[in-house]
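The values are calculated or read from the model by the stated rules, or taken from the named source; none is laboratory data. Note that the coordinates shown come from a computational prediction; the quantities given were computed from them, not determined experimentally. All Cβ positions, glycine included, derive from the backbone under ideal geometry; neighbour counts span all protein chains shown.
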Amino acid sequence: MKKIFFIYCCLLISHMMKAQDSSSLIKATTILSEAGAVFAKGNMALDITYTYADEQTPDIITDSLKGYVLVSGENYRGEIGNTLTVKNSRYSIIAFRDEKLLYVARSSDSSANPDAISPFRLIDNAIKSAGIKNCVIKEKNGSIQLSFVFPEKTSYKSMKIVLDKKSKKMLEISYIIKKSLLPSEEKTTKDLYAQVKTLFNYRNIGTIAKTDFDEHQFFTNKANVLVPATAYQGYEVFIGSPTN
């Protein structure tokens, strides 16, 4: 995870599209690059809503999940359900409240950095596992819609990304995916495929407190031993990479 996982997602999409000879894919590359650049400017706060539905009945929501993301330079904080992730220049930390587990890794160890937003992990897997077959670009009511189609007999059928035309902020990501790839609690029972949708709502924000990204809210390092802070007493600490 560089700054935020969906920037990485944009870069992956752009990289794959460059290898394809299509004017629409080239245009989509430019749009996504502009969208990624939005998150490199100043502080940003957004609320995130995930919804799950059967492919054939997308208006009937079977499950949903809410969270938020804060970004300030290289610092990141994201909370989804009972999972909280914080990344600063020193550590990547993820707190699993249900399991009472703290995962800690050095930020410099990119292979050990967990992402906080599972739908974006699924998009990453989609991009890596199957080449994009086609892209359709539509502009309507001040927004841009990018629709990607994946080859047949793959885990993903399609993916749609909606952005604000003026600001290039990402507003929505939705995709059709095999239910076998979803966690059991997010599966429904009717169709083989599900529609997973992520909605972004941007908040007006001036400054973000540095304490939001401070590792000491989770633990202190005493003689190279990570001791959980008061709010996380009783948590097991799992070291993803050396922390000293």
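Summary table below
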{"quantity": "Options Thr51, Thr57, Thr29, Thr62: the member that is of a type in the set (Ser, Thr, Tyr) and within 15 Å of Lys168 (Cα to Cα)", "calculated": "Thr29"}
{"quantity": "Members of the range 125-150 that are of a type outside the set (A, V, I, L, M), more than 19 Å from the chain's Cα centre (by Cα) and at pLDDT 80 or above", "calculated": "Cys135, Lys138, Glu139, Lys140, Asn141, Gly142, Ser143, Phe150"}
{"quantity": "Residue list for the range 26-73, filter: of a type in the set (S, T, N, Q), out of contact with any Leu (no Cβ under 9 Å at 6 or more places or on another chain) and not in a loop (DSSP other than H, G, I, E, B)", "calculated": "Thr29, Thr30, Ser64, Ser72"}
{"quantity": "Pair list, Cβ under 8 Å, 6 or more apart: the range 36-55 residue in contact (Cβ under 8 Å) with a residue 40 or more places away in the chain, other residue among the hydroxyl-bearing types (Ser, Thr, Tyr) and not in a strand (DSSP E or B)", "calculated": "Val38/Ser167; Asn43/Thr207; Tyr52/Thr62; Tyr52/Thr188; Ala53/Thr62; Ala53/Thr188; Asp54/Thr62; Asp54/Thr188"}
{"quantity": "Any hit, the range 89-97, residues being among the β-branched types (Val, Ile, Thr), modelled with pLDDT of 65 or more, touching a strand residue (DSSP E or B) at 6+ places or on another chain (Cβ under 9 Å) and surrounded by fewer than 21 Cβ atoms within 10 Å (Cβ to Cβ)", "calculated": "no"}
{"quantity": "Asn75 vs. criteria surrounded by fewer than 18 Cβ atoms within 10 Å (Cβ to Cβ), touching a residue at least 60 places away in the same chain (Cβ under 8 Å) and farther than 25 Å from Ser158 by Cα", "calculated": "no"}
{"quantity": "Single residue of Ile26, Ile31, Ile61, Ile4 found to be more than 16 Å from Phe213 (Cα to Cα), modelled with pLDDT under 75 and among the hydrophobic types (A, V, I, L, M, F, W, C)", "calculated": "Ile26"}
{"quantity": "Count - residues of the range 142-176 that are touching a Gly at 6+ places or on another chain (Cβ under 8 Å), over 30 Å from Leu192 (Cβ atoms) and assigned to a loop (DSSP other than H, G, I, E, B)", "calculated": "2"}
{"quantity": "Qualifying residues in the range 151-166 (those that are modelled with pLDDT under 90 and out of contact with any strand residue (DSSP E or B) (no Cβ under 6 Å at 6 or more places or on another chain)) - the one surrounded by the fewest Cβ atoms within 10 Å (Cβ to Cβ)", "calculated": "Lys153"}
{"quantity": "Total residues in the range 142-180, condition more than 19 Å from Ile26 (Cα to Cα) and hydrophobic (A, V, I, L, M, F, W, C)", "calculated": "4"}
